[in-house]
Structures are given as structure tokens and as C-alpha cells.
1. Along the Cα→Cβ direction, 7 angstrom out, place labels at Glu122 and Ser306. What is the inter-label distance in nm?
2. Using a basic spin-label model with each label point 7 Å from the Cα along Cα→Cβ, how many nm lie between Ala174 and Asn330?
3. Just Ala265, Ala186, Ala49 to compare: in a GNM of the chain, with alpha carbon springs under 10 Å, which one fluctuates most?
4. Quick check: at a probe of 1.4 Å, how many percent of the accessible area of segment 131-222 sits on carbon and sulfur atoms?
5. In a GNM of the chain with a 10 Å cut-off on Cα contacts, which of Met332, Met286, Met219 has the highest mean-square fluctuation?
6. What GluC sites (Glu not before Pro) in segment 291-358 are in a loop by DSSP, with at most 15 other Cβ atoms within 10 Å of the Cβ?
7. Please work out the FRET efficiency for the pair Phe237 and Arg273, using the Cβ-Cβ distance as r and a Förster radius of 35 Å; give the result to the nearest 0.05.
8. Can you tell me which lysines have their Cα less than 25 Å from the Cα of Lys96? Leave out same-chain residues fewer than eight positions away.
Amino acid sequence: VRNILLNPGPVSISEGVRHAMTAVDLCHREAEYFNLQQQVRSKLNAVYALDNADWVPVLLGGSGTTALEAMVSSLLPADAQVLVLENGVYGERLSKLAAIHGIPNQSIKQGWKDAWNLERVEAELGSGQYSHVLAVQHETTTGRLNPAGALAGLCEKAGVGLFLDTVSSFGAEAIPFASPALLACAATANKCLHGVPGACMVMARRVALDSAVKPARTMTLDLALWADHQQRQSTPFTPPVTSLLALNQALDELFKTGGQKGRHAHYLRLANRVATCLALLGIHPMLEEGSSSCVLRSYALPPRLSYEQLHDGLKLRGFIIYAGQGALANEMFRISTMGDISDYDLGRLLSALEDVIS
Ligand SMILES: *Cc1c(COP(=O)(O)O)cnc(C)c1O
């Protein structure tokens with residue numbers, strides 16, 4: 001029996017993706033590779049029906065954080081005044097990225113279990129001192145789906161640009177691409193898109209790329225360089241060929257199963273079944289109802305059950321769950337239902353949960 005990954009990426013992959021990844025050897029300076037690169041880029045725009053005239057998908061080798069660092073370091077000038085919204089590990093990481101690249105930034109810090117305070121965001125933006133906002137759409141720390149659409153509206157009103165971390169939401173949640181405030185978002189192959197680690201991407205508005213930082217702060221994360229090459233069927237350095245083969249197949253499978261909306265509905269159904277089963281076993285969500293993404297939920301650990309007991313019991317039965325981070329490690333656990341997980345797999349998971357918990 002295969003291991004089912006219930007951690008927030010890398011995800012369990014389909015047999016189709018596993019095969020596509022190993023079926024051919026490609027030289028990255030041949031037409032066959034450039035065809036693959038172009039196909040993946042077109043399909044990424046198609047996930048959210050983005051207009052190729054306005055949006056440029058830029059492929060990079062690396063993890064989700066690589067895409068974030070490329071976005072922040074390439075598109076935020078040294079004289080930017082950035083407001084970062086923090087309510088978890090990943091929001092805090094955005095502040096660190098801005099600081100590492102010497103970009104002036106201030107943050108609104110909320111507790112990890114708390115929602116954004118949009119009134120406060122609106123008041124800060126109304127001060128006129130900020131040029132950009134950096135924020136996480138799906139805060140994977142707790143599974144909270146932050147209101148990215150409402151934030152984009154506030155940015156639009158204040159005339160500031162918005163950069164989003166959509167690493168754990170791209171492909172499954174609605175993203176406010178229609179808002180002119182949204183300048184770029186960062187994503188990865190191995191979360192909601194169901195590819196494998198190694199490839200990540202920044203979806204950038206052409207106008208944002210046109211005013212990318214020059215000279216670039218880094219060589220390998222220079223989005224303008226990668227975008228320029230990829231738009232003329234080239235690549236500056238060796239790309240993650242194998243991961244792109246997997247992603248190309250994974251994107252075909254996404255379209256065959258109803259695209260982003262189909263994936264949202266599938267994840268939601270699985271997450272609700274897990275929640276119902278856990279509630280019967282006396283285990284309840286950490287966040288208030290209606291605030292979680294379809295991708296991941298966090299649950300409070302019951303007294304008399306440690307994370308290790310739960311984790312090890314499930315692992316013996318072929319399921320990998322995920323611990324809480326930092327101060328939440330002893331309080332909660334996380335179950336993500338992203339990846340190639342069928343109803344059959346889910347049925348087995350529910351029996352395993354019953355076994356281990358009762
Ligand atoms: C997974 C994740 C990242 C990036 O993680 P990597 O380990 O670099 O792939 C960033 N932001 C969010 C919200 C994530 O869920």
C-alpha cells in the first residue's frame with residue numbers, strides 16, 4: 001500500500017504524473033524542451049483564464065520560497081515602502097524576505113490564530129506612506145484563508161500594488177487576478193497543482209515585469225531575466241526539466257477534473273468528510289467555522305492524545321499528517337487533503353483515524 005501524504009506539500013502524485021516525469025530525457029537547449037516550457041506556461045495562465053497580453057508566467061527551479069524571493073527581490077524597488085500582513089509563519093517569512101533584500105517594510109502582526117484586521121489595514125494604507133502590500137492568501141500555519149479579494153480592493157482604493165503568496169492556494173482557491181492592484185503572485189508545482197518539487201513560478205503582470213529592479217539584486221532569481229528568455233523560447237540556466245515534465249501532465253489532469261473550481265470542490269468534500277469523522281471522535285477545528293481554506297484544516301489535539309501518538313499510529317497505517325509549527329506544536333495537528341487522494345483513500349483514512357483515536 002502506498003503512503004498517502006496529508007502534509008501541505010509535497011503531495012501524493014498520480015501514476016500519470018509519476019510516469020510523465022521519467023518517460024523521456026530532454027536536453028534543455030532543444031526544441032522539445034522549449035515546447036514543454038511553452039506548454040506549461042500557457043497552461044498556468046489557463047488555470048485562471050488569464051490574458052496572455054497582461055500576465056506572464058515565469059518558471060523557476062526551486063521551492064515555493066524561491067518563487068517568493070524572486071518576486072520580492074525582482075519587483076520591489078529599494079525605495080518601496082512595504083506593508084506586510086502577518087498572521088502565521090509564512091507572513092513572517094515575507095517580512096524576512098523584504099528585510100534580507102534591504103526593502104523598507106513594516107508589518108501588521110496578528111496572532112497566528114487570528115484573522116487580518118482589515119479596518120487597520122485600510123487605516124494604514126490611508127496614511128499614504130505605503131507603495132506596496134505583501135501578504136499570504138492561504139496561511140498554511142493554521143489553514144486560514146485570508147480575504148485576498150477584500151485586501152486587493154483596499155489596495156486598489158489606496159493606489160498601492162499587491163504581491164501575494166499563493167503558494168498553497170494556486171490551483172484550488174479563487175485569486176483576485178481581476179483586481180488591477182494585484183501585480184504578481186508566487187506559487188509552486190508540488191502543492192495544489194499536484195506536480196513534484198523542483199519547479200516553482202511567479203505569475204507576474206507584464207507592467208510589473210517591465211519595471212523590475214535594475215540592476216538585479218541576484219542573478220539566479222532575476223525574474224526579468226527568466227521572463228525575457230522564456231518569452232523567446234530560451235532559458236538562461238538549466239531549468240528543472242523533470243519537474244516540468246511532471247507539472248505539464250499534472251496540469252492536464254487538473255483540466256480534466258474540472259480545473260480550479262473542480263479541484264476546490266473535491267478538496268472541500270474531502271476536508272468536510274475528515275472534519276465530520278473527527279467531530280464524532282471528539283476532535284474539533286482550531287479556527288472558527290468558515291475561515292479555513294479548502295486545502296488544509298488544523299485541529300486541536302485532545303487531552304490524553306499526543307501528536308506523536310496520533311502521527312505514529314497513522315503512519316503505521318500509511319498516512320502522513322503534519323504537526324503544528326512553533327508554539328502551536330503541542331496544541332494542534334494539520335490535515336491537508338491536497339494531492340492525488342481518491343474517495344477510496346479517504347475511506348481508509350477515516351477508518352485509520354477511528355482506530356488510532358478510539
Ligand atoms: C509551502 C508554503 C511556502 C513555501 O514553502 P517551500 O518549503 O519553500 O516550498 C510558502 N508559503 C506558503 C503559504 C506555503 O504553504
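1. That separation, rounded to one decimal, is 4.8 nm.
2. Here the modelled spin labels are 4.2 nm apart.
3. Ala49
4. 62 percent
5. Result for the chain, Cα springs under 10 Å: Met219 fluctuates most.
6. Here the sparse-neighbourhood loop sites are Glu331.
7. Taking R0 as 35 Å, the efficiency between Phe237 and Arg273 is 0.20.
8. List returned: Lys109, Lys113, Lys191, Lys214.
The values are calculated or read from the model by the stated rules, or taken from the named source; none is laboratory data. What you are looking at is a predicted structure, and each value in this text was computed from that prediction instead of being measured. Reconstructed Cβ throughout: ideal geometry from the backbone, glycine too, with neighbour counts over all protein chains shown. Surface areas here come from the heavy atoms of the whole protein model, side chains and all, with no ligands, DNA or RNA. Shrake-Rupley method; radii C 1.70, N 1.55, O 1.52, S 1.80 Å.
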